[in-house]
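Q: Have a look at this one before I ask anything.
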Amino acid sequence: MGSTRGTGRPRRTAKAVVAALACGAALAALAAVPAQARQHERTPHWALKDTGTPEVRFRGLAAVSRQVAWVSGSAGTVLRTTDGGASWRNVSPPGAAELQFRDIEAFDARRAVVLAIGEGESSRVYRTEDGGATWTESFRNTDARAFYDCLTFFDHRHGLAMSDPVEGRFRILSTGDGGRTWQVLPDDGMPAALEGEAGFAASGQCLVASGPKDVWLATGGGAHARVLHSADRGLTWTATDAPIPAGDPARGVFGLAFRDRTHGLAVGGDYRPDQASPQAAARTRDGGRTWQPAARPPAAYRSGVAWLPHSRTAALAVGPTGTDLTTDAGRTWRTVDTGSYDTVDCTPDHACWASGEKGRVARLED
């Protein structure tokens, strides 16, 4: 999930500042409007975009701008829009119908890297430089013990992918040429995995980067949910417990979002629809060294999370039962929509996109 937008901080022009303030104010207003009154108010809402693919579940999402977005999902499907979702082009790699594309990273309207998940050779990476007209398979996993879950990029050249533990440690794959070639990093700097610990390929957000070298990895399934952090592009890692329930293969941290190298959000819970998720969110203000549970978390399991553009306090979390908004940097959350989405991503030009089951893709609109 997510587009790569470089490592420098964008210049905040007067126009951008005004737009950011307007976006934040509108979302704060949305949180304050009672649900029964929203149909009469002009407030931000998810506007569904018809993809024509009701049979596909899109867990991978790369939002580039208000006009450009990529989604990836089941049945080897990759779609791209360049007109804000008014139309979608099927740009799926040929011969990939048996694959599950759970994560996609896009640099612009033409360049993207997509990850297929699964055991052994089902885990693959494809790359395009022409808007999906052609694809090159740049990695195919040949280790039957590995299962790749997520993909992230620091910039247009440097990126990582992560696999569930192999021989007791998470495996990290690295590229320095935009995804053209990949190498498995040595694991001597990776802490030992807990028994049963793994990542969740639910939203493309179990591995996320911020800035030129910082990256975080979310886990579940073990006795404790954890967030692992690396400040050197995946060479060495530290692990911290997160206050989100674990202790079961269906529980843990499913999605992460960092607005800079210190302020982050974690969401998750128990993905089984018949199980409660009483503590589905946490936040950090020190780069993941410590995590605090949300004082008022989302009411149910959430798989995806994203900071609002140019905001220090507003973010969205999504899951199969709805969307939640925070306007206080993750301390409290409020449900603002009940539609089903698996992942969410926002762009520098003040657009937010979400995608999920039954071909659902939406953009946040006034």
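Q: Does any residue of the range 183-193 turn out to be closer than 21 Å to TRP291 by Cα and surrounded by 19 or more Cβ atoms within 10 Å (Cβ to Cβ)?
A: Yes, the range 183-193 has at least one match.
Q: Right, here's the next one. Please go through (1) of a type in the set (Ser, Thr, Tyr); (2) touching a residue at least 60 places away in the same chain (Cβ under 8 Å); (3) more than 17 Å from THR343 (Cα to Cα) for THR262 and return the number of the only condition it doesn't satisfy.
A: With respect to (1) of a type in the set (Ser, Thr, Tyr); (2) touching a residue at least 60 places away in the same chain (Cβ under 8 Å); (3) more than 17 Å from THR343 (Cα to Cα), THR262 is out only on (2).
Q: Hey, another quick one. Look at ARG102 and say whether it is over 24 Å from PHE154 (Cα atoms) and charged (D, E, K, R).
A: no
Q: Here's a follow-up. Based on what the data block shows, is ARG302 of a type in the set (Lys, Arg), at pLDDT 95 or above and farther than 21 Å from ALA354 by Cα?
A: no
Q: Can you spot a residue in the range 265-279 that is assigned to a loop (DSSP other than H, G, I, E, B), over 18 Å from the mean Cα position of the chain (by Cα) and within 20 Å of ALA351 (Cα to Cα)?
A: Within the range 265-279, none of the residues are assigned to a loop (DSSP other than H, G, I, E, B), over 18 Å from the mean Cα position of the chain (by Cα) and within 20 Å of ALA351 (Cα to Cα).
One line per residue, one yes/no per condition, for (1) modelled with pLDDT under 95; (2) of a type in the set (A, V, I, L, M); (3) touching a Ser or Thr at 6+ places or on another chain (Cβ under 8 Å):
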site: THR53; (1), (2), (3): no, no, yes
site: ASP83; (1), (2), (3): no, no, no
site: ARG89; (1), (2), (3): no, no, yes
site: PHE107; (1), (2), (3): no, no, yes
site: VAL125; (1), (2), (3): no, yes, yes
site: THR134; (1), (2), (3): no, no, yes
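Q: When the range 64-118 is examined, which residues are found to be in contact with a Phe, Trp or Tyr (Cβ under 7 Å, 6 or more places away or on another chain), charged (D, E, K, R) and within 22 Å of LEU207 (Cα to Cα)?
A: Matches in the range 64-118: GLU105 only.
Q: Could you figure out which of (1) in a loop (DSSP other than H, G, I, E, B); (2) within 27 Å of ALA239 (Cβ to Cβ) isn't true of SER311?
A: (2)
Q: Oh, and also: Touching a Ser or Thr at 6+ places or on another chain (Cβ under 9 Å) and in a strand (DSSP E or B): is that true of ASP324 in this structure?
A: yes
Q: State yes or no: is HIS229 surrounded by fewer than 24 Cβ atoms within 10 Å (Cβ to Cβ) and part of a strand (DSSP E or B)?
A: yes
Q: Only residues that are surrounded by fewer than 19 Cβ atoms within 10 Å (Cβ to Cβ) and either within 25 Å of LEU316 (Cα to Cα) or among the hydrophobic types (A, V, I, L, M, F, W, C) (or both): list them for the range 195-212, please.
A: Of everything in the range 195-212, those that are surrounded by fewer than 19 Cβ atoms within 10 Å (Cβ to Cβ) and either within 25 Å of LEU316 (Cα to Cα) or among the hydrophobic types (A, V, I, L, M, F, W, C) (or both) turn out to be GLY211, PRO212.
Q: Which numbered condition trips up ARG80, out of (1) in contact with a strand residue (DSSP E or B) (Cβ under 9 Å, 6 or more places away or on another chain); (2) over 19 Å from GLY304 (Cβ atoms); (3) part of a loop (DSSP other than H, G, I, E, B)?
A: Evaluating ARG80 over (1) in contact with a strand residue (DSSP E or B) (Cβ under 9 Å, 6 or more places away or on another chain); (2) over 19 Å from GLY304 (Cβ atoms); (3) part of a loop (DSSP other than H, G, I, E, B) leaves (3) as the failure.
Q: A follow-up question, please. Of the residues that sit in the range 104-125 and are acidic (Asp, Glu) and closer than 22 Å to SER303 by Cβ, which one is surrounded by the fewest Cβ atoms within 10 Å (Cβ to Cβ)?
A: If we take residues in the range 104-125 being acidic (Asp, Glu) and closer than 22 Å to SER303 by Cβ, then GLU119 is surrounded by the fewest Cβ atoms within 10 Å (Cβ to Cβ).
Q: Another question, if that's okay. Cβ-Cβ under 6 Å, sequence separation 6+ or interchain: first residue in the range 143-161 and without any contact (Cβ under 8 Å) to a residue 12 or more places away in the chain and surrounded by fewer than 16 Cβ atoms within 10 Å (Cβ to Cβ), partner assigned to a loop (DSSP other than H, G, I, E, B) and of a type in the set (A, V, I, L, M). Which pairs?
A: none
Q: May I pose another question? Which residue, of THR128, THR81, THR134, is closer than 28 Å to PRO348 by Cα and surrounded by fewer than 21 Cβ atoms within 10 Å (Cβ to Cβ)?
A: Selected residue: THR134, the only one of THR128, THR81, THR134 that is closer than 28 Å to PRO348 by Cα and surrounded by fewer than 21 Cβ atoms within 10 Å (Cβ to Cβ).
Q: Also, I was wondering about something else. Within the range 162-182, restricting attention to residues that are on the phi > 0 side of the Ramachandran plot and surrounded by fewer than 23 Cβ atoms within 10 Å (Cβ to Cβ), which residue is nearest to the chain's Cα centre (by Cα)?
A: GLY178
Q: Out of everything in the range 332-365 that is assigned to a loop (DSSP other than H, G, I, E, B) and touching a His at 6+ places or on another chain (Cβ under 8 Å), what residue ends up being farthest from CYS206 (Cα to Cα)?
A: HIS350
The values are calculated or read from the model by the stated rules, or taken from the named source; none is laboratory data. Remember, it's a predicted structure, so these values are computed and weren't measured experimentally. No Cβ is skipped: glycine too gets one built from the backbone with ideal geometry, and neighbour counts run over all protein chains shown.
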